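Step one of this worksheet: look at the structure below.
The values are calculated or read from the model by the stated rules, or taken from the named source; none is laboratory data. As the structure is a prediction and not an experimental result, all values here were calculated from the model. Ideal geometry is used to build each Cβ from the backbone, glycine not excepted, and the neighbour counts take in all protein chains shown.
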Amino acid sequence: MLVVTTDSLEGRPVREYLGLVSGEAILGANILRDFFAGIRDIVGGRSAAYEEELRRAKDIALAEMTQQARDMGADAVLAVDLDYETITLGSGGGMLMVSASGTAVRL
């Protein structure tokens, strides 16, 4: 399954547009609080643990989106967009949502 951020693939014409596909992943409730605490401790450095969690969430969102496209009979997903959003909870905690969306196509 080809997954690209472009609207087309050079030399591979789109035969059929199948529709929008998406996938989401949400990181745990304490990650934002821990993340900002870690930033204070690191002071400009990078946190490998949080980078790995963000990568894992991105991979989950892309896998869900790709599976949805595969279930529709797609060969590729074009115009993929990744979004990262924070969700603030009433208790002062928060969550991070990673979403992936694109257009499923047959080439």
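Observations on the model:
- Summed over the stretch 9-54, residues that are modelled with pLDDT of 70 or more, surrounded by 14 or more Cβ atoms within 10 Å (Cβ to Cβ), out of contact with any Asp or Glu (no Cβ under 7 Å at 6 or more places or on another chain) and of a type in the set (Gly, Ala, Ser) total 2.
- Within the stretch 75-102, the set of residues being small (Gly, Ala, Ser) and over 14 Å from the mean Cα position of the chain (by Cα) comprises 76, 90, 91, 92, 93, 94.
- Top-ranked residue of the stretch 59-100 - restricted to ones that are of a type outside the set (A, V, I, L, M) and touching a Gly at 6+ places or on another chain (Cβ under 8 Å), ranked as nearest to residue 12 (Cα to Cα): 66
- Residues satisfying the stated conditions in the stretch 84-98, i.e. surrounded by 14 or more Cβ atoms within 10 Å (Cβ to Cβ) and modelled with pLDDT of 75 or more: 95, 96, 97, 98
- Scanning the stretch 57-74 for residues that are hydrophobic (A, V, I, L, M, F, W, C) and over 11 Å from the mean Cα position of the chain (by Cα), we see that the one that is surrounded by the fewest Cβ atoms within 10 Å (Cβ to Cβ) is 72.
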